[in-house]
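Beneath this line is the structure, given in structure tokens, with notes to follow.
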Amino acid sequence: MEKSNIKWGFLIILSIIWGSSFILIKKSLVGLTPIQVGALRVLIASIFLFIIGFTRLKKIEKNQWKWVAIAGTIGTFIPAFCFAYAQTEIDSAISSILNATTPIMTLIFGSMFFAIGFTRRQLFGVIIGLLGCLLLIWQGSSINPDQDYRYVLFIFLATLGYAMNVNIIKTYLQELSPLAISTGSFLVIMVPSFLILLSTGFFSQEIITSPETLTSIGFVTILAVFGSALALLIFNKLIQISTPVFSTSVTYTIPIVALLWGVLDGEKFNVYQGLATLVILLGVILANRKDRKKQIAT
């Protein structure tokens, strides 16, 4: 299969997995606190990846561990808590939409700090997609006036981490296998996650025996294995076989899946949000069409 077909296949798979992650976070928060959701998600994913990928750790050179640690912290650890806190006030679909600011962050950081180029068409596509996201946000706020949009700061912090993480992997960890990067990253953040979870009293008998909590733990487990561990493996591979802009454009298609889940769960949706979704798709297409003659950053 050609590399171009593979990367589009990865994009679709990630859209489905990560698009479903927001509704899983919402369900997890029913019986757990945001800090418990974030810590448990990272801990379970860490254990899963260590089991299947511990033999790959020896592939990581000493000089690469610094970047693996940074990638794990800003690309996984911090966002896991940010999205859990954000969704205590914001609908799962709106949270996924705000996540679509990642590509523009990637373009900015890539050009400023990593000498990664982009074309005018890519920039135009990102802007079109972002405008579609803004339309979705505007419509979401109009039909959900009771939501506290100060919590979007948590999501913007997460997208900032995602953008930096993509550029770090593309620049400094290109030679490592996705499994080595993922396993090493989660190994670094596994112990802090356990200590944080322990400090919340999570392991007390009254918590872990509560039916509501057990159901939430089930949702977190699905989220950790698929939304964190397996999706990260696919995403790291996608970064290596494509451009930073293409790999982060998955944040434009994630809201489509998340909106469908939100509607099924009773969240409000109108025709203008459907229109905005089409604008987002147009942005994805434009951002990933080749235009070698108009490179504007190197």
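Just a few scattered comments:
- Conditions (1) modelled with pLDDT of 80 or more; (2) assigned to a helix (DSSP H, G or I); (3) buried (at least 24 other Cβ atoms within 10 Å of the Cβ): number failed by Val152: (3)
- Close pairs from the stretch 241-264: first under 20 Å from Ile143 (Cβ atoms), partner among the aromatic types (Phe, Trp, Tyr) and at pLDDT 75 or above, Cβ under 6 Å, at least 6 apart: Ala258/Phe22
- Subset of the stretch 120-148 (residues that are assigned to a helix (DSSP H, G or I), loosely packed, with under 15 Cβ neighbours inside 10 Å and touching an Asp or Glu at 6+ places or on another chain (Cβ under 9 Å)): Arg120
- Selection status of Ile285, closer than 30 Å to Gln174 by Cβ, modelled with pLDDT under 85 and among the hydrophobic types (A, V, I, L, M, F, W, C): yes
- Condition met for Leu57 (in contact with a Phe, Trp or Tyr (Cβ under 8 Å, 6 or more places away or on another chain) and closer than 12 Å to Gly184 by Cα): no
- Residue in the stretch 48-70 that is over 21 Å from Val166 (Cβ atoms) and among the small types (Gly, Ala, Ser) present: no
- Taking every residue in the stretch 178-192 that is under 12 Å from Leu230 (Cα atoms) and pairing it with any residue that is among the basic types (Lys, Arg), at least 6 positions away or on another chain, the pairs with Cβ-Cβ distances below 8 Å are Pro178/Lys237; Leu179/Arg56; Thr183/Arg56.
- Note on the stretch 1-74: enclosed helices (runs of 4 or more DSSP H) holding 1 or more residues that are of a type in the set (S, T, N, Q), surrounded by fewer than 23 Cβ atoms within 10 Å (Cβ to Cβ) and at pLDDT 90 or above are 3-28, 62-72.
The values are calculated or read from the model by the stated rules, or taken from the named source; none is laboratory data. As the structure is a prediction and not an experimental result, all values here were calculated from the model. We place every Cβ from the backbone using ideal geometry, glycine too, and count neighbours over all the protein chains shown.
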